[in-house]
2 protein chains.
Amino acid sequence: MTKKITMAELARLADVDVSTVSRALNDSPLVKADTKAHVLKIAAETGYVVNASARNLRRQSAQAIGIVIPMAPGSGQTISDPFFLEMVGAVSHAASQKGYDLIVSVPQSETEIAERRLLLTGRADGLIVIGQAGRSERLNKLNTLKSNIVVWGGREGNPNYTLVGSDNKRGGRLASEHLLSLGRKRILFLGDIDLPEVALRYEGYKLAHEEAEVAFDDSLILRQNFGGETAFHALKDFLAAGHEFDAIFAASDVLAMAAIQAVQSASKRVPEDIAVVGYDNVGQASMSTPSLTTIDQHITQGGQMLVNLLLDKIDGKPVKSAFTKTELVVRRSSGA
Amino acid sequence: MTKKITMAELARLADVDVSTVSRALNDSPLVKADTKAHVLKIAAETGYVVNASARNLRRQSAQAIGIVIPMAPGSGQTISDPFFLEMVGAVSHAASQKGYDLIVSVPQSETEIAERRLLLTGRADGLIVIGQAGRSERLNKLNTLKSNIVVWGGREGNPNYTLVGSDNKRGGRLASEHLLSLGRKRILFLGDIDLPEVALRYEGYKLAHEEAEVAFDDSLILRQNFGGETAFHALKDFLAAGHEFDAIFAASDVLAMAAIQAVQSASKRVPEDIAVVGYDNVGQASMSTPSLTTIDQHITQGGQMLVNLLLDKIDGKPVKSAFTKTELVVRRSSGA
DNA sequence: TGTAAAAATACAATCGATTTCAGAGGATGC
DNA sequence: GCATCCTCTGAAATCGATTGTATTTTTACA
C-alpha cells in the first residue's frame, strides 16, 4: 500500500520542474533525451502512474466510451441475452485496442439518466447505444445536445444519429429463402415486429416469399418479444391450438432455441417435421443441440464498426451510418 | 449541441458564488432552501451537469469500479463465454444500483497493465477480477500495492486478497451425488483441474464417490479447458477410443453442451446412455435441447457480493471472503 | 435597540495534471 | 566578438469542481 505519488513529488525527486516531467512522460520533443531518460527511470522506480481525473480534466477528454444497454421494458430481454453480451465483448475488445476504456451502463429504469450521465458529465467521450426500440425520439434529442453517439439498430424513420447495424432485411430474406429452398411452404415467423430491427427481418421474409412465388399466410406469425421463456410457452400453445406449419424463422437465436424446445416438447421432430432458423449466430448456436442454422449478424465486426465510427465522430470527422452484411450459416441439424 | 456550461457560469446566472452552487447541488444543509431551489431551477433550465473529472479530482474518487476479465492464455475461454458475460451483467447491475459506473477491461495480453491502469490511475476506486487462474501471485502483489481488489474464484493457497466465489467443492459433490444416485457408476470428469476452481469441483466429485462407496477411476477424466470447440473434438476422440462411461460431469455449461453434442454425434443418447451434468446454470442451460441439469453458482448473487464487498473495502471496512451456496438444478432431459 | 449567536454566503486554497509563454544558456553565423 | 537563433527548462495559468475559513446577514434575546 505505497502512498500515491504525485507528479510534483516525482519532479522533486528528479530535480526538475513538473512541466518537464509532464513533457517527459508524454514523450515531448521539447525535452532533452537525457532528461527524459532520467525522469522515466525515476518514474519507473517509484511506480508513478498519472492521475486520470487530473489529466482528463485538463485535456477535456476521458479516454473512455460508454455503452448503454437498455432493457426495453417488455422486450423480455435481459442483460444475459447472449446477443447483448457478445456485443459488449466485441465493443470492449475494439475499444481497448484503440486505448479507450469502456464504461458499461445497464439502466434499470426507463429514464434518460444513464445516457446523460455518461456523456454530459464528460465521463465518456462518446456513447454507443445498443438497440433503439422506442427510443429514437429520445436519441434524436440527445444527439442534438451532444452528438457523439452511435446506435446499433435497424434503420427506422430518419434518425439524425449515426446508425450501425446488420442488414436486417437481407437477413430475413436469406433465412426465408433457405427454408423455402428446402421445400418448406408454411414458415412461422417468430418475433416482435414492433421492434424496427425485427420488422425489417419480417419484410425480408415476405420478400423471399414473393420471389419464390409462395403465398404467405399473414396469420403465420407469433409476435413474441425476445424473452425465451414466454416464447416457449406461447409456441407450445400455438402448436396445441392446431396451427400447421413446417418451419420457423425466429428473430433471434434465443427465440429459436426456445422454439426448438417447444416443438420437441410437442413431440415433433426438428428439423424433419419443423425446420428452424434463428438469427444472431451467438456462440451457443453452434454448441446447442441440435445445432442451429442461423443468420450471422457479424457481431464482432459490428462492434468494431461501432467503435471506429464513434471515435471518428469524436475526432470530428464526418461519419455515415454503416451496416454489416448478414450471412446465412447453415448447420444441418436444425435447419435442414 | 449546446456548449458545455460550467459551474462558474451557472453561479453567474444564479447570482451567487460557485461554492453556494456546489453546495446547493449537493443538497448541503448550509444553503437556504430558497437559494437551493433557485439554483436548482436554473441548473435544470440550462441543463447543467457536473463535470465528472473535476469532481473526481477534487473528491479523490471515481465513482466507478473496474472489472477485469482476463482471458487466461490457453484457458480457451473467450469473452463470449456466457458465464463471463452473465457475471458482467450481474456486476453491472449491482454497481449501478450503488451509483457506481462499471469499467470493463478485457486485457488482450497477459501483462498486468490493465489492472494497474484502472486502479492506480484512479480511474476506478476498486477492482473486481474474474478468475485467478495462474495469476494469484500477481494479484497478491497488486493487492499489497493498493488493496481495493476483490477476486472471483475458488480458494487456492493463502491469498491476501478478498475472494468471492461459489462453493466449488460442494458443487462438485452435488453434481456427482446426483449422478450416482441415479445409478451411474462411471462418471467422466470433464475439465481442467489445473484451474483452482475446477480442482475443487473435482475434489467434490471424488468425495461423492467415497461417500457413495463407488470406486472412482482416475483415468476417467478428460482435462479440457473451457473452450467448447476443442472439448467437443477431444470427447469425440475419447469416445472413439472406446472408453466406457455412463455419465459426464462437466466443469462448465459450455463444456456440457459441447459434451452433449459430442455424445450424440457418436450416436449415443443423452441421457439414456450417458447422462450429463454441467456447471454454472447459465441462461442458455434451460433453453438448450436437451435442457441441462447443472449446478447453479448463483451468478447474480455472486455479482452482488463482489460489488458489496468491494464497496465495503473502498469505505475502509474490514472485509472477509465469502462464497455463494451452490445448488443442483435438475432438468430431466440431460441429467436423468 | 443593541449585541451575541446563528445562519447563510463569499472568498480562496486545493485536487494533479497540461500547456502557453517567457527566459537562461549554448551554439551558430558573420 | 557580438548579435541571433535554438534548445531546453521553469514559472504560472488553467481545467471545473469541493471545502475550510472568513465574512456578512439574519435572528434572538435582553
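The values are calculated or read from the model by the stated rules, or taken from the named source; none is laboratory data. As the structure is a computational prediction, the values presented were derived from the model and not from experiment. Positions of Cβ are generated from backbone atoms using ideal geometry, with glycine treated the same way; all protein chains shown enter the neighbour counts.
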- Which of the residues belonging to the range A:146-194 are without any contact (Cβ under 8 Å) to a residue 60 or more places away in the chain and small (Gly, Ala, Ser)? A:GLY153, A:GLY154, A:GLY157, A:SER181, A:GLY183
- Query: Since A:ALA215 meets every condition but one in (1) at pLDDT 90 or above; (2) in contact with a His (Cβ under 9 Å, 6 or more places away or on another chain), which condition does it not meet?
  - Reply: (1)
- With respect to A:PRO73, determine if the residue is modelled with pLDDT under 95, under 30 Å from A:ALA251 (Cα atoms) and surrounded by fewer than 18 Cβ atoms within 10 Å (Cβ to Cβ). yes
- Item | Failed item in (1) in a helix (DSSP H, G or I); (2) at pLDDT 80 or above; (3) more than 12 Å from DNA strand C (Cβ to nearest atom), with B:LEU85 passing the rest | (2)
- Task: Scan the strands (runs of 3 or more DSSP E) fully inside the range A:236-311 and keep the ones with 3 or more residues being surrounded by fewer than 24 Cβ atoms within 10 Å (Cβ to Cβ).
- Result: none
- Item | When residues of the range A:144-203 are limited to those that are of a type in the set (Phe, Trp, Tyr) and within 19 Å of the chain's Cα centre (by Cα), the one nearest to A:ASP280 (Cα to Cα) | A:TRP152
